[in-house]
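The structure follows.
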Amino acid sequence: MRFERVVVTGGAGFLGSHVCEELVFSGASVVCVDNLATGRLSNLDTVAGHPRFHFEHADVTEPLRVPGPVDVVLHLACPASPAAYLREPVTTMRTGSLGTLHALELARLHRARFLLASTSEVYGDPLRHPQTEDYWGNVNPVGPRSVYDESKRFSEALTIAYQAQYGVRGSIARIFNSYGPRMRPDDGRMIPAFIRQGLAGEPITVFGDGAQTRSLCYVSDTVRGLIALARNDFPGPVNIGGPDELSVTQIAERIRRLTGGTAPVRHGEAMTDDPRRRCPDIALARRELGWAPQVSLTEGLRRTVDHFAATSFAHRAAG
């Protein structure tokens, strides 16, 4: 399927900006919708001013109106970092509920394909490992992370409801830990926090004992998976993530070496409801989309460290 005109909600965010960039440079026209609550206009520097790119400052919790044809709606809008969704829990729930409703309505009115960017957080602290798409999860519905977890679970249910009642051709991608350039250094997620501390020569802080595991997927691979699913009629859900599992301590040590850090890894108090193990089974993505990650963890982390180092130097020089 060739995209003509695509709406990307949350397109000024870390992941959304890479999606916008890939779509524009592959020949599609893109309407980026973002209220800049967590996104940044600077993330869009590579496409700003391009004739096939248009930025619309709007909040998805209000009805979306996009004149002209639309053949695909990619719904990525939602605070994704713990720092953001814990700071604005009601906003997070409104984005996951009303925001998804309005994005689906836009797709319905334009008879467009719809892709929901969901999350591995729908699995909670999983009791099945690795996580397959038919696993229903182990989620605390009233814990501090629930505003994000449950808003995404609601978004998935609403996408399925629009498929059943209105015939909207929707797909669900469950994104596991994605990382890369344009992450905010202060957003509270593991990779930018570790890199920022390592570059500053500070001890890298691991919350809990560090034995909890994560899998990481470089942003270009995540974007490739999302676009492959958007081009496909397979409804999902489909896991999009790296299948290699590492402990958080192992990730911290790798980043410490890459940043040239000499300070030791230190441990802080464990976070509430922090999953003990997190790793996707990507057999479905391989079979239905022909997708698997291509960028190695070492290479992806090196690119990300280089980006943060260059950005930090530029900020120091400007100051």
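Among the residues of the range 105-121, write down those that are more than 19 Å from the chain's Cα centre (by Cα) and either surrounded by 24 or more Cβ atoms within 10 Å (Cβ to Cβ) or not charged (D, E, K, R) (or both).
Of everything in the range 105-121, those that are more than 19 Å from the chain's Cα centre (by Cα) and either surrounded by 24 or more Cβ atoms within 10 Å (Cβ to Cβ) or not charged (D, E, K, R) (or both) turn out to be Leu106, Ala107, Leu109, His110, Ala112.
Name the single residue, out of those in the range 280-291 being farther than 21 Å from Val122 by Cα and among the hydrophobic types (A, V, I, L, M, F, W, C), that is farthest from the chain's Cα centre (by Cα).
In this case the residue turns out to be Leu289.
Please go through the range 121-145 and give me each residue that is in contact with a Pro (Cβ under 9 Å, 6 or more places away or on another chain) and not acidic (Asp, Glu), ordered by number.
Passing the criteria: Val122, Tyr123, Gly124, Pro126, Pro130, Gln131, Thr132, Tyr135, Gly137, Asn138, Pro144, Arg145.
Which condition breaks for Ile282 when tested against (1) farther than 15 Å from Gln250 by Cα; (2) in contact (Cβ under 8 Å) with a residue 60 or more places away in the chain?
Only one criterion is unmet by Ile282, namely (2).
State whether one or more residues within the range 77-84 are assigned to a helix (DSSP H, G or I), farther than 27 Å from Ala193 by Cβ and touching a residue at least 12 places away in the same chain (Cβ under 8 Å).
Taking every residue of the range 77-84 in turn, none turns out to be assigned to a helix (DSSP H, G or I), farther than 27 Å from Ala193 by Cβ and touching a residue at least 12 places away in the same chain (Cβ under 8 Å).
Let me ask another. Would you mind finding the one in Gly300, Gly260 that is over 28 Å from Ser146 (Cα atoms), of a type outside the set (A, V, I, L, M, F, W, C) and assigned to a loop (DSSP other than H, G, I, E, B)?
Residue meeting the stated conditions: Gly260.
From the residues in the range 270-319 that are within 18 Å of Glu245 (Cα to Cα) and modelled with pLDDT under 85, which one is surrounded by the most Cβ atoms within 10 Å (Cβ to Cβ)?
Per the stated criteria, the residue is Pro275.
Can you pull out every residue in the range 200-229 that is crowded, with 21+ Cβ neighbours inside 10 Å and among the small types (Gly, Ala, Ser)?
Of everything in the range 200-229, those that are crowded, with 21+ Cβ neighbours inside 10 Å and among the small types (Gly, Ala, Ser) turn out to be Ser215, Gly225.
Shifting gears a bit: Kindly indicate whether Arg254 is under 21 Å from Phe207 (Cβ atoms), part of a helix (DSSP H, G or I) and without any contact (Cβ under 8 Å) to a residue 60 or more places away in the chain.
yes
Continuing with this model, one more query. Given the conditions (1) surrounded by 18 or more Cβ atoms within 10 Å (Cβ to Cβ); (2) β-branched (Val, Ile, Thr); (3) not in a helix (DSSP H, G or I), which single one is not true for Thr100?
(3)
I'm trying to understand the selection: among the residues of the range 127-158, which are in a loop (DSSP other than H, G, I, E, B), surrounded by 15 or more Cβ atoms within 10 Å (Cβ to Cβ) and either small (Gly, Ala, Ser) or in contact with a Lys or Arg (Cβ under 6 Å, 6 or more places away or on another chain) (or both)?
If the condition is that a residue be in a loop (DSSP other than H, G, I, E, B), surrounded by 15 or more Cβ atoms within 10 Å (Cβ to Cβ) and either small (Gly, Ala, Ser) or in contact with a Lys or Arg (Cβ under 6 Å, 6 or more places away or on another chain) (or both), then His129, Tyr135, Gly137 are the ones that fit.
Moving on. Among the residues of the range 33-51, which ones are of a type outside the set (A, V, I, L, M, F, W, C), farther than 16 Å from Thr100 by Cβ and crowded, with 18+ Cβ neighbours inside 10 Å?
The answer is Thr38, Gly39, Asn43.
Val90: more than 17 Å from the chain's Cα centre (by Cα), more than 18 Å from Lys152 (Cβ to Cβ) and of a type in the set (A, V, I, L, M, F, W, C), yes or no?
Against the criterion (more than 17 Å from the chain's Cα centre (by Cα), more than 18 Å from Lys152 (Cβ to Cβ) and of a type in the set (A, V, I, L, M, F, W, C)), Val90 does not qualify.
Among the residues of the range 55-76, which ones are touching a residue at least 60 places away in the same chain (Cβ under 8 Å), surrounded by 15 or more Cβ atoms within 10 Å (Cβ to Cβ) and either not charged (D, E, K, R) or not in a loop (DSSP other than H, G, I, E, B) (or both)?
Val70, Val72, Val73, Leu74, His75, Leu76
Same structure again: Confirm whether Thr100 is among the polar types (S, T, N, Q), under 16 Å from Val8 (Cα atoms) and in contact with a helix residue (DSSP H, G or I) (Cβ under 7 Å, 6 or more places away or on another chain).
Yes.
The values are calculated or read from the model by the stated rules, or taken from the named source; none is laboratory data. Because the structure is predicted, anything quoted here is derived from the model rather than measured. Because the Cβ atoms are built from the backbone with ideal geometry, glycine has one as well, and the counts that use them run over all protein chains shown.
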